[in-house]
Amino acid sequence: MKNKILIVLLTVVMVFGVLGLTACQGANPDSDYNYYGIKYKLEDVKIEAVTFQGVYKMFTTPGAFLLYVDSESKGADERFATINDLANDWGVTIYHFNPDLSGGYAADKGASANILTTNVKGDGIKAVQDTLEAITGENIENLKDNALWGIKGADSVLNGSELEYKGELSAQVAYEPEADFSVALACAQPVPSYGAHHGADKYVKQSVSTMNLFGDARLHMYNDDNGVDALTAPKQDVYVTVANYAMFEHLMHYNDGYFSVFFGGTWCPNTQAIVKATNNLAKDYGIEKIYFFDPRLDDGTKTDGVKETKTFSYEKYLQDEANTDFTGEAGYTTTYAVVENSQYLASSLNTRSADPQDEWNELKELGQAKAYLKAVTIDNGKGFADSISYKYDDDAIQAIIDDAIVAKAKTLSNYTTDSAKYIAEQKAKVDEKDYKEPKEIDVANYVISQFNKKQTADASKVDADKVALNALNVAIGKETAINETFKTAVKAMYNAKTTAAYNYNYLYATFLDEYLPVYRSQWNVGIKLNINGKEYTKMCVPNIMMFNGEGDGPAQLVALAEAEYTYANVNEQGNAQQIAWDNAVKEVFDANPYATYAPMISTPGGVVPETSAPQTGGSSNQTAGSSSNSSADGAC
């Protein structure tokens with residue numbers, strides 16, 4: 001691939017001569033880069049990548065989508081060729097999701113994040129798996145790799161206090177080398193016409209929807225006017241999804257031109273602020289693609305929860321606007337959902353957060369001991385929600401812990417009454433033949449929890465963890481502090497999480513080492529990450545980088561801009577922050593020798609370039625963060 005740029009330049013020199021080469025910038029080879037086209041040698045590519053958030057949106061957005069799930073394992077060349085032929089035959093876009101959220105990056109070093117592998121280790125993966133099961137309506141064991149999914153998306157609803165997902169996996173066809181994959185899926189009819197019988201001839205390709213994550217309302221790209229949902233509207237932005245670390249690695253090695261990468265996500269308020277402004281500036285420069293990469297493994301997915309449903313009355317609305325009391329009939333009404341974003345789906349898959357070793361160091365001594373205590377406990381409450389029991393490897397030490405909790409519970413008021421009430425409640429909940437008397441430690445934990453619920457001042461609460469911790473201190477021979485043996489054991493428990501198979505920060509550190517060794521965040525210069533004994537700067541997002549992919553080896557960073565602005569800052573032309581961001585992005589784009597600044601202006605007849613003299617881009621040997629000072633050249 002890297003030889004292609006040389007061929008292009010030689011051809012230009014032969015036809016136009018050296019003078020023509022210096023006077024005309026020519027086409028940016030970046031425009032020829034397509035991950036699937038290059039990696040799998042495909043033409044007329046109709047496959048697009050989606051992250052886990054994209055999959056989530058497909059199931060929770062009204063429409064019908066085609067999703068190909070493939071971890072890009074052995075034999076992927078043949079499978080992707082078949083999928084691309086299928087997309088071209090039907091004239092639709094088929095989206096690709098790699099269930100290994102890292103794309104298989106650093107797999108040779110033990111890293112794994114494949115959510116279809118039920119025994120994959122690491123906190124956060126289970127949360128992603130649970131959500132995948134909820135939105136698909138299928139157990140993980142039933143979701144196949146190397147399979148084409150038909151998805152029937154739908155708005156989710158609030159059922160009581162729980163979010164109920166209405167989308168469904170309407171078809172799942174596994175790839176088989178000897179089978180006619182296209183006919184198999186067509187006959188499965190993932191998105192059939194109403195009342196149509198099974199069969200390829202009745203497949204309605206017009207019902208297949210597009211999915212554009214950049215149409216997310218939080219990015220302000222398409223629907224500032226609160227119009228139709230732009231997630232399924234035709235794509236008009238310049239952004240190209242880079243779904244995982246492996247795709248980013250491929251981009252760095254096989255993109256022959258100058259290209260920009262936008263680091264950020266829909267979850268990031270600062271990304272929400274400047275992604276639209278950056279898109280518009282790219283169009284001013286004639287830049288066709290900006291590669292969009294989120295360093296969080298699950299793309300920072302926030303589940304969109306329905307907060308409540310409301311009824312809207314047009315007549316009442318008119319009277320409210322007129323500031324008069326509503327006295328008439330409700331008339332025409334419509335019910336609508338109020339949507340809000342919940343917490344991050346899997347914050348422990350955030351490869352920008354602190355390393356477990358850092359988390360350990362930040363814990364106070366009590367916190368470190370409690371963390372270890374939690375690691376060696378088991379739930380022995382026999383299903384009793386308020387029952388907490390600690391289990392230590394040494395039975396003698398466990399007896400001391402239990403005795404301490406029981407003794408503390410007995411100092412609280414109404415211990416006898418509460419314990420009797422507790423036992424009576426349990427007897428009422430189960431059949432007599434199944435009932436077993438709770439152990440005294442179960443009763444003690446219940447009493448402590450009930451006592452705490454009645455307290456209003458924190459000082460009055462009894463921390464069962466601390467009671468157990470103090471007893472543990474006594475048991476291991478030191479009442480006032482945790483001894484070194486105990487500390488070593490706790491630290492070892494945390495260090496186990498720093499191995500590649502558990503620690504997704506490891507992927508982030510490997511990525512920086514291989515492709516951004518000179519990166520230092522300008523905003524987060526004082527925020528350091530300690531990952532496997534090495535210090536890194538925490539990446540600031542959003543940021544946009546310009547890379548030079550010409551020549552041998554991976555692309556090199558030549559310019560960088562970071563942002564910490566709000567949408568209110570940059571949405572209004574003339575704001576100091578808006579001007580500052582525009583200037584910063586211009587410096588990045590000026591580092592692209594194929595780009596020319598020719599701002600577009602809106603006219604009744606469409607969008608045309610301004611008539612002022614354009615400014616060409618800077619030279620190709622600029623260093624990161626530098627601006628262009630090249631004199632203006634004549635455009636071709």
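What follows is calculated from the coordinates using simple rules that are stated; it is not laboratory data. The structure displayed is predicted, hence computed values, not measured ones. So basically every Cβ, Gly included, is an ideal-geometry build from the backbone, and we count neighbours across all protein chains shown.
Miscellaneous remarks
- Per-residue Cβ neighbour rank within 10 angstrom, fewest leading, Tyr95, Tyr36: Tyr36, Tyr95
- On the basis of the beta-carbon distance and an R0 of 22 Å, Ser460 and Thr417 show a calculated FRET efficiency of 0.70.
- In this structure, the amide hydrogen of Ala171, modeled 1.01 Å from its nitrogen in the peptide plane, lies closer than 5 angstrom to those of Gly150, counting only residues at least 5 positions away or on a different chain.
- Here r is the Cβ-Cβ distance between Asp155 and Ala396 and R0 is 45 Å; the resulting FRET efficiency, rounded to 0.05, is 0.20.
- Flagged links, alpha-carbon separation over 29 Å, of Lys46/Lys126; Lys364/Lys408; Lys126/Lys289; Lys421/Lys461; Lys466/Lys528: Lys46/Lys126; Lys126/Lys289; Lys466/Lys528
- Difference of contour (0.36 nm per residue) and Cα-Cα distance, Glu43 to Glu141: 31.9 nm
- Spin-label pair Glu535-His253: with each label point 7 Å from Cα along the Cα-Cβ axis, the two points sit 3.2 nm from one another.
- Ascending count of other beta-carbon atoms within 10 Å, so fewest first, for Phe292, Phe97: Phe97, Phe292
- The stretch 528-533 - phi-based ³J(HN,Hα) in whole Hz, Karplus 6.51/-1.76/1.60, Gly and Pro as x: 10, 10, 9, 10, 6, x
- Around the amide H of Met211, modelled in the peptide plane, lies no amide H under 5 Å away from a residue 5 or more places distant or on another chain.
- Of Lys302/Lys454; Lys410/Lys454; Lys235/Lys538; Lys152/Lys283; Lys166/Lys429, pairs whose Cα-Cα distance is over 23 Å: Lys302/Lys454; Lys235/Lys538; Lys152/Lys283; Lys166/Lys429
- As a rough footprinting exposure proxy, the listed residues Phe262, Phe248 were ranked by other beta carbons within 10 Å of their own, and the order from fewest upward is Phe248, Phe262.
- From phi via Karplus (6.51, -1.76, 1.60), per-residue ³J(HN,Hα) for the stretch 134-144 in Hz, x at Gly/Pro: 5, 7, 8, x, 10, 6, 3, 4, 8, 8, 9
- Couplings 3J(HN,Hα) of the stretch 438-447, computed from phi: x, 5, 4, 5, 5, 5, 4, 5, 5, 4 Hz, in residue order, whole Hz [Karplus 6.51 cos²θ - 1.76 cosθ + 1.60, θ = phi - 60°; x for Gly and Pro].
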